[in-house]
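Asker: Mind having a look at this structure? Questions to follow.
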Amino acid sequence: MLDPLHRVGLISDTHGLIRSAALDALRQSELIIHCGDIGDASVLEALRTIAPVRAIRGNNDKGLWARSLPTHDVVEVGGHAIYVLHDLAELDLDPGAAGFTAVVFGHSHKPAMETRGRTLFVNPGSAGPRRFTLPVTVAKLVLRSGRCEAEIVEFALSQSAALSKK
């Protein structure tokens with residue numbers, strides 16, 4: 001029997017900016033999860049041209065377009081449960097005890113991957129405007145039965161692009 005492979009794109013902290021490099025990096029995803037601070041509904045529309053999107057509201061997502069977005073979500077993919085929230089400091093449950101394979105979050109703009117017990121914690125970093133010297137990134141989750149792996153994808157920014165954001 002085949003063990004199906006599921007590819008989930010992770011993006012966060014776009015703050016209204018959707019980069020073509022981010023779209024390209026997420027193109028093979030069967031689902032995209034946005035971990036908040038979307039910035040504008042047009043970001044979600046652009047992501048939906050690639051794959052279905054699940055998104056949560058970040059602390060900077062204001063206005064009518066953001067009101068219907070939840071502050072956290074549970075996404076099930078191929079028998080895996082993924083807990084989604086914006087700020088990891090607001091995690092109010094034990095994800096391992098609750099049976100979550102992964103916890104995905106944003107807010108800090110710092111990409112990170114860490115296994116705690118049997119749960120993978122992933123922050124895809126920020127794919128929006130560059131903040132300080134932090135990299136501009138997205139992440140990819142690859143799920144199979146009994147396995148969950150992540151990869152951070154960093155974008156090379158041209159010097160002129162970096163200068164135009166100052």
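The values are calculated or read from the model by the stated rules, or taken from the named source; none is laboratory data. It should be emphasised that the depicted structure is a prediction, and the values quoted were computed from it without experimental measurement. Using ideal geometry, Cβ is built from the backbone for each residue, glycine included, and neighbour counts are taken over all protein chains shown. Heavy atoms of the whole protein, side chains included, go into the accessibility calculation; ligands, DNA and RNA do not. Shrake-Rupley method; radii C 1.70, N 1.55, O 1.52, S 1.80 Å.
Asker: Got a number for residues in the stretch 120-161 being surrounded by 16 or more Cβ atoms within 10 Å (Cβ to Cβ), in a strand (DSSP E or B) and among the charged types (D, E, K, R)?
Answerer: Selection size over the stretch 120-161: 1.
Asker: Can you find, within the stretch 25-54, the residue that is nearest to residue 109 (Cα to Cα) among those that are part of a strand (DSSP E or B) and open to solvent by less than 10 Å² (accessible area, probe 1.4 Å)?
Answerer: 34
Asker: Kindly indicate whether residue 84 is touching a His at 6+ places or on another chain (Cβ under 9 Å), surrounded by 12 or more Cβ atoms within 10 Å (Cβ to Cβ), closer than 17 Å to residue 12 by Cβ and free of Cβ contacts under 8 Å to residues at least 24 places away in the same chain.
Answerer: No; evaluated as a whole, the condition is false for this residue.
Asker: Then there is this: Would you pick out the residues in the stretch 90-119 that are in a loop (DSSP other than H, G, I, E, B) and either surrounded by 15 or more Cβ atoms within 10 Å (Cβ to Cβ) or basic (Lys, Arg) (or both)?
Answerer: 95, 100, 101, 105, 106, 107, 108, 109, 110, 111, 118
Asker: Taking residue 22, is it open to solvent by less than 70 Å² (accessible area, probe 1.4 Å) and among the small types (Gly, Ala, Ser)?
Answerer: yes
Asker: Further question on the same structure: Using the structure shown, decide if residue 15 is touching a His at 6+ places or on another chain (Cβ under 7 Å), assigned to a loop (DSSP other than H, G, I, E, B), open to solvent by 20 Å² or more (accessible area, probe 1.4 Å) and under 22 Å from residue 130 (Cβ atoms).
Answerer: The answer is no for residue 15.
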